[in-house]
Amino acid sequence: MALRKIVEQGDECLTKVCRPVTEFNSRLHTLLDDMTETLVDSGGVGLAAPQVGVLRRVVVVMDEDEQIIELVNPEIIATDGEQTGLEGCLSVPGKYGIVTRPYVVRVRAQDRDGNFFEIEDEELTARCFCHELDHLDGHLYIERAEKMLSPEELEEYIRQMEEMEEGED
């Protein structure tokens, strides 16, 4: 396994539509392993292949139990509800925006060996599914953001979220 360089906004591979994976082989396994290691090292919750310069439909997502979900040729097949919240991106470092996404997302994908499966999740993981699959079609979250936050607005937003969480305890 190896860490891969995360490309940043402005790199043209982030604007391209990725090709489907057709060969489920050791190269794909290495890509998935490297992406997982890169994601864990970065402290992020999701990483799409174009973010490491590979134009293939491959995504890794860390769910709320810190389990890695590998998605090859993923597609969203169902959504429910709505959530609006803070989003950032490893390819757009230091910037955050407010984005509305579905609350529940069901994805159909293949695993590293080509077997089809479906997975459904909610909240942050559902947001992450949408965010990462957007990357596969050449889109960044900043295109969907209702508002990009200044550093001061980000600080205020985080403070308000912490106050809300304290009120729930």
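A few remarks follow.
- Taking amide H positions as modeled 1.01 Å from N, with prolines and chain starts lacking one, the residues under 5 Å from residue 56 and 5 or more places away or on another chain are 19.
- Built amide H within the under 5 Å cut-off of residue 4, gap 5+: 38
- Sorting the segments 118-129, 45-56 by their residues' average number of neighbouring beta-carbon atoms within 10 angstrom, most packed first, yields 45-56, 118-129.
- Both the radius of gyration and Dmax for segment 31-84 are 12.0, 33 Å, in that order, over alpha-carbon atoms.
- Computed from Cα atoms, the angle from the helix 26-42 axis to the main principal axis of the chain rounds to 20 degrees.
- Derived scalar couplings between HN and Hα for segment 108-120 equal 10, 8, 10, 8, 5, 9, x, 6, 7, 7, 10, 9, 10 Hz in order, rounded to whole Hz, by the Karplus curve 6.51 cos²θ - 1.76 cosθ + 1.60 (θ = phi - 60°), x for Gly and Pro.
- Alpha-carbon centroids, segment 104-149 and segment 1-72: separation in whole Å: 12 Å
- Scattering profile of the chain at q = 0.08, 0.09, 0.16, 0.19 Å⁻¹ [log10 I(q)/I(0), Debye over alpha-carbon scatterers]: -0.24, -0.30, -0.94, -1.30
- Estimated vicinal HN-Hα couplings, Hz - segment 88-102 in sequence order (Karplus 6.51, -1.76, 1.60; Gly, Pro = x): x, 7, 4, 8, 10, x, x, 10, 9, x, 9, 10, 9, 9, x
None of the figures in this text is laboratory data; all of them are computed from the coordinates on show. Fair warning: this is a prediction, and the values are worked out from it, not measured in the lab. Please note: Cβ atoms are built from the backbone with ideal geometry, for glycine as well, and neighbour counts cover all protein chains shown.
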